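Here the structure comes first, spelled out in structure tokens, and everything after it is commentary.
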Amino acid sequence: MNGFGGEGAWLSIVALLAWAVLAISAYRSYRVDTAKTLRMALTWAAIFAGVAILFGMIV
């Protein structure tokens with residue numbers, strides 16, 4: 001066994017990539033423009049960062 005965790009880890013990575021392709025293609029089917037996509041992504045990143053900082057201050 002090497003440092004990567006064996007075949008199970010590679011299978012998980014391949015499955016994760018397949019799900020990501022499926023999710024991205026489903027999102028792109030709505031034909032949302034790039035500016036709106038970036039705005040939504042930055043908004044969600046700010047929300048997650050804010051919650052993580054708040055959680056870090058509490059715990």
Every residue in region 16-42 that is in a loop (DSSP other than H, G, I, E, B) and surrounded by 10 or more Cβ atoms within 10 Å (Cβ to Cβ), please. V32
Being surrounded by 10 or more Cβ atoms within 10 Å (Cβ to Cβ), assigned to a helix (DSSP H, G or I) and within 14 Å of the chain's Cα centre (by Cα) is the requirement here; does A45 meet it? yes
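Just so you know, all these numbers are worked out from the coordinates, no wet-lab data involved. In this text the structure is predicted, and so the values were computed from the model without any measurement. FYI the Cβ positions are ideal-geometry reconstructions off the backbone, even for glycines, and counts take in every protein chain you see.
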